[in-house]
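Here is the structure we will look at.
Values quoted throughout were computed directly from the atomic coordinates according to the rules given, and no laboratory measurement underlies them. These figures come from a predicted structure and were not determined experimentally. Positions of Cβ are generated from backbone atoms using ideal geometry, with glycine treated the same way; all protein chains shown enter the neighbour counts.
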């Protein structure tokens, strides 16, 4: 079913992100049902040619995605120029083009010190006209242009279109997390890693952490190590996505709890000789913890929302 | 190239009646593909790329209710007529029958 996945990938690319997954899953189940019916009729599994024929009849991905867009709007001057299938793309291209033009004009105005806006009217009108003309022609001849397509020529499947598994982002995040964990684990022995040359002044400042810091420090490093292990497993898809999300949520929850407890334990630094330096260090430390708590809480909230959304989608009838 | 005037008019004629057919058919629960088959069995062929987005639109308008459910080891989205949909279907049917009677009277005189 590689061809079907490539087809759905092409449709998904053009759908609004919020409804993409839902629409694609529905299309997948409908098209699969049709393919199974056809295979049953023929009495043998479908060849790639037969699958391609079903997808071709289903419609060009651009037109299919266009029909799912909200609004069902079109552009008409007397007669319809751009139909609802292409109108969402027309609107997006037009908005992008006009925005870029306005940004450029804004930069030019700031650079030369006078408003360049009066002279922009003609280029803007021309842009609108040219883009409208292109889309009107495309709409008029879409039968000839968009209906002649071959599902076998669709782009290859991206290995991780769902963002789960070894993709550039997850590998980058894993490396950053690994470096961050090693860095944090080494800072007690080498304060230079955190403070740079300022570490040389630490003995003279007599700046000391409050006594329970080692306990929290150990918990933070342990949490980072646990997250590292979890990311390693998800990187290679050794854990089902849902289970990985639940474990991630648990870690975030523990992270937020540790962060809040740590925050409430302040002041974290004491210095009998330079109390103003200790106050500054406490402020910086407090802000850092608050930011870390906010990031963990946001991530935990997002994970909860994702899990709830999947559960709502998959719940059997009558359990909503 | 654009369709002939007949093709355009035929599509226009079908457009409104398809909604009525879909609403009527969804008095019994269906998922997209079985609905399409049920309509085709009654002689009303409909493109998948027209029917499936139409179901979404009708649901957004509150005329249909849907839910995901597992059937034959696959999750499918099942649609059925909502409470509001039943009221609208009744109104549309009255309108349709009224129009049908008028058209019958008018067309009785037409000789092609």
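Expressed as a whole number of Å, what is the distance separating the alpha-carbon centroids of the stretch A:83-113 and the stretch A:182-222? Their Cα centres are 51 Å away from one another.
Helix A:275-314 and the longest principal axis of the C-alpha atoms of chain A enclose an angle of approximately 30°. Projected over every direction and averaged, the convex hull enclosing the alpha-carbon atoms of the stretch A:2-69 yields 4.2 nm². Neighbouring Cβ atoms from other chains, within 10 Å of the Cβ of residues in A:40-53, number 0 on average.
Counted over all Cα-Cα pairs of chain B, pairs farther apart than 21 Å make up 46 percent. Taking the square roots of five times each eigenvalue of the Cα gyration tensor of the stretch A:191-314, the equivalent ellipsoid has semi-axes of 37, 16, 11 Å, listed largest first.
By the count of other C-beta atoms within 10 Å, a proxy for reagent exposure, A:201, A:7 are ordered fewest to most as A:201, A:7.
Fewest-first ordering of A:93, A:64 by other beta carbons within 10 Å of each residue's beta carbon gives A:93, A:64. If I fit a long axis through the Cα atoms of helix A:17-42 and take the longest principal axis of the Cα atoms of chain A, what angle between them do I get, 0 to 90°, rounded to 10? That works out to roughly 50 degrees. Restricting to Cα pairs below 8 Å that are 6+ residues apart, what does the relative contact order work out to for the stretch A:191-314? Please round to a whole percent. Over the stretch A:191-314, the number comes to 31 percent. Shielding value for A:29-38 is 5, the average number of Cβ atoms from other chains within 10 Å of each residue's Cβ. Derived from the Cα gyration tensor, the three semi-axes of the equivalent ellipsoid of the protein assembly as shown are 57, 31, 22 Å, largest first. Once you reduce the stretch B:60-90 and the stretch A:24-54 to the center of their Cα atoms, the two points are 24 Å from each other. Here B:83, B:111, A:208 are placed in order of increasing Cβ neighbour count within 10 Å, fewest first, which gives B:111, B:83, A:208.
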